[in-house]
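Contents: one structure, followed by commentary.
Nothing in this text is a laboratory measurement; each read-out follows from the coordinates by a stated rule. Everything quoted here is computed from the prediction, not taken from an experiment. Virtual Cβ from ideal backbone geometry, glycine too; neighbours counted across all protein chains shown.
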Amino acid sequence: MEAGPMLCDKLDKSDLPFFLSAVGDKWIAEIKEDGDRIRLRIKDGVLTLFNRAGKDVTFKYPELHNLYIPTTHNDEQSVNVFLDGEMCVMDKDGVSEFNDGITHRSHLHSVSQEDIDNYPITFIIFDLLEIDNQDIRDKPWEYRRGLLEDLQLEHPNIIISEGGK
C-alpha cells in the first residue's frame, strides 16, 4: 500500500485531494502560505490591520488603504468586516517568499515607494470572522465561506484562499 503525505510534510497542491479524502468531511485544508498572519478590520469605513500579537500594522501596507467593500444596498457605505489571512510577498511564479519578501516588509518602520515596488504584498484571506458587527466565528465554516465569497472582493492586492477545494 502506497503511503500518502504525512500531516507534517509540506504538501504540493496536487496532494490536496488525497489529504482531504484522508481527513473526511470534518476538516478542511488550506494551502499554507509563508507569510505573516494578519487580521483586517473595516469598521465604519476605517481599515485597520493587526499582526498576530494584536499590534496595529496598518502603516506597513498602504496598498490596502483604499480597500472598500460596498454593501449590497448602498454603494456609498462600506461593509464592516473582520477578516483573517496571511500577508505575503509572492515571487514571479506565485510562491510566497518569506525571508526575502514579507520579512522585509513586516520589519519596516516606514514604507517607501521603493519598498512597495520591490516587495509587493498580497493579502490572502482565508476566513471571515465578523460581518456587519456580528461575530460569526461560531457559525460553520461553509456559512462563513459563503459570506466571504459573497463580498466579491476586488482588489489587486487581495485574493481569497482556495479553501480546501
- Whole-Hz couplings from phi, Karplus 6.51/-1.76/1.60, listed for the range 138-146; x for Gly and Pro: 8, 7, x, 4, 4, 5, 4, 4, x
- Task: Would you calculate the separation in nanometres between label points at Phe98 and Tyr68, each defined as 7 Å from the Cα along the Cα-to-beta-carbon direction?
- Result: 3.7
- the range 32-160 - convex hull of the alpha-carbon atoms, volume per residue in Å³: 117
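Assuming 0.36 nm per residue, please report the length gained on full extension of the stretch Glu142 to Asn157 beyond their Cα-Cα distance.
Answer, rounded to one decimal: 3.0 nm.
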- Note on the structure: With label points set 7 Å from each Cα along the Cα-to-Cβ direction at Asp150 and Val111, the distance between them in nm comes to 3.0
